[in-house]
Amino acid sequence: LGVFASATAAGSDAARTLNLVSSTQASQTDLVLADFDQRGSTAFATEIISAAGANTFTLNASGITQLTNALGGSVTFAIIMKRDLDNTDPPVEDGRLSLDTVDSVTESQRPTLTITYVGGERSYSFIF
């Protein structure tokens, strides 16, 4: 899963460390404040320390299983700060991070999902 950070500010690595988890938000097209806690606690990818520009999450076994189980349906991921996953409070001034969304004016800065399928007898097509 590729995400683009359009802005970062000075801060510790912990302020820019991101994890990919499941999301159980009520709507796949509309986020509301109540959705903040509607996320899983299992990391679905290797955590990344975000930098300005393109950043890539590589799914781990749990993430691949989540995606495979969604074939024929849908899957919703959430990108959260490591501190949210660990439930630790950040210092008052510890940087800032801004990720672009599907609504980004610049198409190359929108999130992307790239799937590489190797081996097997079946053929899958994914359109995102």
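The values are calculated or read from the model by the stated rules, or taken from the named source; none is laboratory data. Predicted model, so just to flag it, every value in this text is computed and none were measured. So basically every Cβ, Gly included, is an ideal-geometry build from the backbone, and we count neighbours across all protein chains shown. Side chains are part of the model used for accessible areas, which takes the heavy atoms of the whole protein and leaves out ligands, DNA and RNA. Shrake-Rupley method; radii C 1.70, N 1.55, O 1.52, S 1.80 Å.
If amide H atoms are built 1.01 Å from N in the plane of the peptide, which residues on other chains or at least 5 residues away come under 5 Å of the amide H of T42?
Residues meeting the amide H criterion: S22.
Search the structure for amide H atoms under 5 Å from the amide H of N60, placed 1.01 Å from N in the peptide plane, and list their residues when 5 or more places away or on another chain.
A45, T46
Determine how large the accessible area of I49 is when every protein chain is in place; take a 1.4 Å probe and give Å² rounded to the nearest 10.
Here the accessible area works out near 90 Å².
Through the Karplus equation 6.51 cos²θ - 1.76 cosθ + 1.60, θ set to phi - 60°, convert the phi angles of the range 22-27 into ³J(HN,Hα) values in whole Hz; use x for Gly and Pro.
In residue order, the calculated couplings are 6, 10, 10, 4, 5, 10 Hz.
Using 0.36 nm per residue of separation minus the Cα-Cα distance, give me the extension gain between S27 and T114 in nm, one decimal.
Full extension from S27 to T114 adds 29.0 nm.
Rounded to the nearest 0.05, what FRET efficiency do V102 and N69 give with R0 = 22 Å and r taken as the Cβ-Cβ distance? Could you check?
Computed FRET efficiency for V102 and N69: 0.45.
Expressed as a rounded percentage, what relative contact order does the range 24-87 have, with Cα pairs under 8 Å and six or more residues apart?
Answer for the range 24-87 is 27 percent.
Cβ neighbours within 10 Å, averaged per peptide: list 97-108, 36-47 in order, most packed at the top.
36-47, 97-108
Short version: ³J(HN,Hα) in whole Hz for each residue of the range 71-84, in order, from phi by Karplus 6.51 cos²θ - 1.76 cosθ + 1.60 (θ = phi - 60°), x for Gly and Pro, what are they?
3, x, x, 9, 9, 10, 9, 10, 9, 10, 6, 4, 4, 5
Might you tell me the accessible area per residue for the range 13-102, computed with a 1.4 Å probe and given in Å²?
62 Å²
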